[in-house]
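Following: one structure in structure tokens, then a few remarks.
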Amino acid sequence: MECMAFAELFPTQIDSMKIDRCSPEALALLDYEKELQLKNRAVAALLNDPAVRDITAAPVCPSPRPRFYRTTDKRRVSWRSGKLFFHMGRIPGRDPVADSQLEPREHLELYKTLHTLLSQPRNRRAAQELNYCIIRGSYEETALIFNVKTLSGEIVRSLRFVAEAAAKAVPSVRNVFIYVDETASDYYLEAERPTGKLTFKKLFGPECLALKISGRKILYPPTVFSQINESILPLFAGELSALMEPKPADTLIDLYCGYGLWSLLLAEHVGGVWGAEMSREAILAARDNAGFLFPAKRMHFESASISADFLRENLPAPRHENEIILIDPPRHGCFPGVLETLIARRPRKIFHLFCGADEVVPALKLYQANGCKIETLRPFDFFPGTLNIEMLAVVKPPALSSAK
């Protein structure tokens with residue numbers, strides 16, 4: 001079977017349902033049980049490859065919130081016939097403010113409030129310079145980010161007025177920022193970070209966003225990645241811990257660790273943590289969180305591009321049966337040689353979380369080619385209403401005695 005995009009593996013019945021496979025909310029209007037059936041069938045089709053047919057996936061783990069779950073949203077800002085539009089695609093629709101089945105209703109309320117304020121003549125100049133209005137945060141607290149093409153004193157004063165008025169109308173708004181993106185790119189912040197100083201201005205509120213999960217409060221900057229489905233995080237963390245069976249003598253190696261979310265949720269069960277992530281901002285947050293939550297715990301976080309050479313030169317000495325590895329790479333997967341380098345350490349287990357299903361089969365083939373056993377493959381519906389899921393593979397490397 002040729003490698004296909006996961007979205008193309010959904011049953012042909014969705015075509016008769018007039019579902020747009022290109023829509024970011026392709027399945028949002030379906031009954032959730034029907035959506036889960038379609039996703040389970042798509043996963044089965046994904047694994048219908050001669051090289052991995054001995055691997056079967058567990059049923060998709062459903063999201064506690066199948067709709068209205070997203071904690072990060074964006075609206076592109078544009079003008080048409082002299083009218084302001086907040087839309088999700090490249091072209092505005094009929095409604096001035098696009099609605100969503102996946103975002104909390106409070107987000108729609110905030111977008112409508114912002115639209116009303118930015119449509120006022122006094123704020124038109126600022127509205128014309130907006131690329132996006134972005135909402136981030138949690139189900140309890142909201143941060144607002146104005147992504148603008150240019151910045152001036154006039155624009156700052158106007159956006160401050162809009163932000164303060166919006167916060168009065170929607171009390172969940174805790175902090176507001178301005179991010180300058182002169183490229184007007186499609187990324188929610190910017191496609192590529194500028195080489196110079198980052199132009200990110202706080203209008204009011206705390207410097208960081210907060211996530212409260214499993215009895216812990218974890219802080220992170222508004223510019224770093226965070227999971228968008230808050231509702232599934234405690235469930236996933238519990239499943240991950242149960243599968244890991246962490247021990248006090250274990251070292252957890254957490255790669256692509258972000259601001260340390262999974263490490264911080266697992267740290268109390270292991271002897272130490274070693275994490276790495278490319279984003280320096282995320283690593284600084286991971287260190288701060290670890291120092292506050294686990295001041296006596298051995299926890300090390302390092303900022304670096306994760307390559308095979310970096311791992312060979314910087315990882316601590318292998319601990320084999322007392323080492324567990326968690327990797328949560330971006331959608332495009334790992335650099336060449338990374339997985340082979342991790343397998344060669346002969347840890348007790350490797351836990352590979354795929355944020356896009358398209359990388360699953362190639363990675364499973366590589367693991368098997370290197371003598372590993374795929375003990376568990378569990379899909380988690382991190383993205384209800386869409387044609388995507390996340391998948392966790394539990395990988396058992398060959399025993400140390402069988403290493404060549």
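Every number here is computed from the coordinates shown, using simple stated rules; none is lab data. Everything quoted here is computed from the prediction, not taken from an experiment. Neighbour counts run over all protein chains shown; Cβ positions are idealised from the backbone, glycine included.
A Stokes-Einstein calculation at 37 °C with viscosity 0.692 mPa s, built on the Kirkwood radius of the chain over Cα pairs, returns a diffusion coefficient of 144 µm²/s.
Remark: spin-label model distance Lys18-Lys297 equals 5.2 nm, labels positioned 7 Å along the Cα→Cβ axis. Sorted from greatest to least, the principal axis extents spanned by the alpha carbons of segment 73-212 come out as 37, 33, 28 Å.
Here the average projected area of the convex hull drawn through the C-alpha atoms of segment 285-404 stands at 8.9 nm². Between Asn40 and His269, the C-beta separation translates, for a Förster distance of 25 Å, into a calculated FRET efficiency of about 0.20. Per residue, the chain reaches -8000 deg cm²/dmol at 222 nm when only DSSP H runs of four or more residues are counted, each adding -39500 (n - 2.57).
In the neighborhood of Arg90, defined by Cβ-to-Cβ distances under 10 Å, what is the net charge if each Lys or Arg adds +1 and each Asp or Glu adds -1?
0
The Rg/Rh ratio of segment 293-357, with both radii computed over alpha carbons and Rh defined as the Kirkwood radius, is 0.97.
Work through the residues other than Lys396 whose Cβ is under 11 Å from its Cβ and net out their charges, Lys, Arg +1 and Asp, Glu -1. Let's see the in-between values first.
Working: positive: Arg346, Arg348, Lys349, Lys373; negative: Glu375.
Charge balance near Lys396 sits at +3.
Between Thr376 and Ala317, what FRET efficiency comes out of the Förster formula 1/(1 + (r/R0)^6) with R0 = 35 Å and r the beta carbon distance, rounded to 0.05? Plugging the Cβ-Cβ distance into 1/(1 + (r/R0)^6) gives 0.80. Remark: for residue pairs Lys34/Lys74; Lys112/Lys168; Lys247/Lys365; Lys112/Lys201; Lys149/Lys202, the C-alpha separation exceeds 19 Å in Lys34/Lys74; Lys247/Lys365; Lys112/Lys201. Partners of Lys349 within straight-line reach, counting aspartates and glutamates whose Cα lies under 16 Å from its Cα and excluding those fewer than 8 residues away in the same chain: Glu239, Glu245, Asp250, Asp254, Glu321, Glu323, Asp328, Glu340, Glu375. On full extension, the segment bounded by Leu243 and Leu29 gains 73.7 nm, given 0.36 nm per residue less the C-alpha separation. What is the distance in Å between the Cα centres of segment 30-95 and segment 203-262? About 22 Å separates the Cα centre of segment 30-95 from the one of segment 203-262.
Phi-derived couplings, Karplus 6.51 cos²θ - 1.76 cosθ + 1.60 at θ = phi - 60°, listed residue by residue for segment 333-338: x, 8, 5, x, x, 5 Hz, with x used for Gly and Pro. Can you list the residues of segment 250-292 with backbone N under 20 Å from a point 7 Å past the Cα of Lys202, pointing along Cα to Cβ? It comes to 259-260, 280-292, nothing else.
The convex hull drawn around the Cα atoms of segment 200-306, when projected onto a plane and averaged over every direction, covers 7.1 nm². Applying 0.36 nm per residue to the separation of Glu340 and Arg124 and subtracting their alpha-carbon distance, the gain on full extension is 72.3 nm.
Neighbours of Ile155, meaning other residues whose beta-carbon lies under 14 angstrom from its beta-carbon, give a summed charge of +3 when Lys and Arg score +1 and Asp and Glu score -1. Under 17 Å from a label point set 7 Å out along the Cα-to-Cβ vector of Ser307, the amide N atoms of segment 243-269 belong to 256. The trypsin sites (Lys or Arg not before Pro) found in segment 68-134 that occupy coil by DSSP, while having at most 13 further C-beta atoms within 10 Å, are Arg90, Arg94.
Only Lys, Arg, Asp and Glu count, each charged at its Cβ (+1, +1, -1, -1), so figure out the dipole size of segment 73-212 about its Cα centre, rounded to 20 debye. Before the final figure, lay out each step's value.
On the way: 23 positive and 17 negative charges, 85 e Å.
It works out to roughly 400 debye.
Here the Karplus relation 6.51 cos²θ - 1.76 cosθ + 1.60, evaluated at θ = phi - 60°, turns the backbone of segment 253-261 into coupling constants of 9, 10, 9, 6, 7, x, 8, x, 3 Hz, with x for every Gly and Pro.
Could you give the size of the charge dipole of the chain about its Cα centre, using +1 on the Cβ of each K and R and -1 on the Cβ of each D and E, expressed in debye and rounded to the nearest 20? Before the final figure, lay out the partial values.
Details: 51 positive and 48 negative charges, 182 e Å.
Around 880 debye, computed over the chain.
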